[in-house]
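> Submitted below is the structure of interest, expressed as C-alpha cells.
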Amino acid sequence: RIVQLERGELHIDVEHDPTRPPSVVAAGRVVQAVGTSFSVRIADSQRVAVLVADGRVQIGVREPGTADTDPSGPAKETANKLLISQAERVVLNSGKEAVEVLAPEEIEVQLSWRSGHLVFRGESLATAVSEVGRYTSVEFVIKNEELRRVRVAGLFKTGDVAGFLSSLEANFDIVHERADDETVLLSAATSRLTDAAN
C-alpha cells in the first residue's frame, strides 16, 4: 500500500492493520502510518507538510534507487526516523523540521479543503492567491509588491474564482482585470491608493 505523491495534497484515513502499513512517498520522504488519519502536502519547493489528525505516523527518508512500487521500499529507510502524533504537523525538507502542535480549530482550517472550502485568517494576499490557484487553471498576477502583503480573511469555495475576486473587491479594495481567459491581474482600487496617500 504505497502512494507516490508528485504534487498537491491528499488525506488518508487508515484502518488498523500492522501487517500492511500504508506509506506515502513525497519528495524523497516516506510517511508511514498504522490506524491513523493524516494528510500529506507537497509544495513546488519540494517541502512536504505532514499533519496528523488522529493516531501517529512515522517519517523516514526514501533510499535512493528504491522503486516506488517496491513494497519493501519503506522498510529500507534510514534509522533516523521522526514520529509525529495526533494534532501535530511538521514541514519536511525545510531545514528545521520542528514538530508543531495544532489546536483543534487550526486542524479544521487546515483540512477545510476536504469539504470544498478554503479558510484564510490573515494570510497574505500572495499566499491566498497561491492557495486559490491550486484549485483552478487561472493564474493570478499581483501588480503591486505592497499589495502582496495585504492580509486576507474569509471563507471561500474552492474553484470559485468569481466569488474570490468579488470578495477581494468588496472587502479589501483590490480590483481585477483579465489579461486573458487564464490570467487575472490584481491591483489596488483607487480608494485604497487614496487612503494610502493620506
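> Whether any residue in region 105-124 is charged (D, E, K, R) and more than 16 Å from the chain's Cα centre (by Cα) is what I want to check.
Yes, region 105-124 has at least one match.
> Now for a different question. Tally up the residues in region 165-180 that are open to solvent by 70 Å² or more (accessible area, probe 1.4 Å) and among the β-branched types (Val, Ile, Thr), please.
0
> So the check is Cβ under 7 Å with 6+ separation or different chains; which pairs have a first residue in region 115-137 that's among the polar types (S, T, N, Q) and a second one that's assigned to a strand (DSSP E or B)?
SER124/ARG151
> Among the residues of region 139-164 satisfying the criterion of being surrounded by 14 or more Cβ atoms within 10 Å (Cβ to Cβ) and more than 14 Å from LEU118 (Cβ to Cβ), which is farthest from the chain's Cα centre (by Cα)?
ASN144
> For residues in region 107-138 being outside any strand (DSSP E or B), among the charged types (D, E, K, R) and open to solvent by 60 Å² or more (accessible area, probe 1.4 Å), which is farthest from VAL184 (Cα to Cα)?
The extreme case among them is GLU108.
> What are the pairs, 6+ residues apart or on separate chains, where a residue within region 80-97 that is on the phi > 0 side of the Ramachandran plot and among the aromatic types (Phe, Trp, Tyr) has its Cβ under 7 Å from a residue that is surrounded by 16 or more Cβ atoms within 10 Å (Cβ to Cβ) and part of a loop (DSSP other than H, G, I, E, B)?
Here the result reads none, with nothing in region 80-97 linked to a residue that is surrounded by 16 or more Cβ atoms within 10 Å (Cβ to Cβ) and part of a loop (DSSP other than H, G, I, E, B).
> Please determine, by comparing only the residues of region 2-15 that are more than 15 Å from ALA53 (Cβ to Cβ) and assigned to a loop (DSSP other than H, G, I, E, B), which one is least open to solvent (accessible area, probe 1.4 Å).
Once the filter is applied, the top-ranked residue is LEU5.
> Which of (1) open to solvent by 70 Å² or more (accessible area, probe 1.4 Å); (2) closer than 28 Å to GLU108 by Cβ; (3) modelled with pLDDT under 95 does LEU193 not meet, given it meets every other one?
Answer for LEU193: the failing condition is (2).
The values are calculated or read from the model by the stated rules, or taken from the named source; none is laboratory data. Quick caveat, the model's predicted, so the values are computed rather than measured. Glycine gets a Cβ as well: all are built from the backbone with ideal geometry, and neighbour counts include every protein chain shown. Remember, those area values only see protein heavy atoms, side chains included, never the ligands or the DNA or RNA. Shrake-Rupley method; radii C 1.70, N 1.55, O 1.52, S 1.80 Å.
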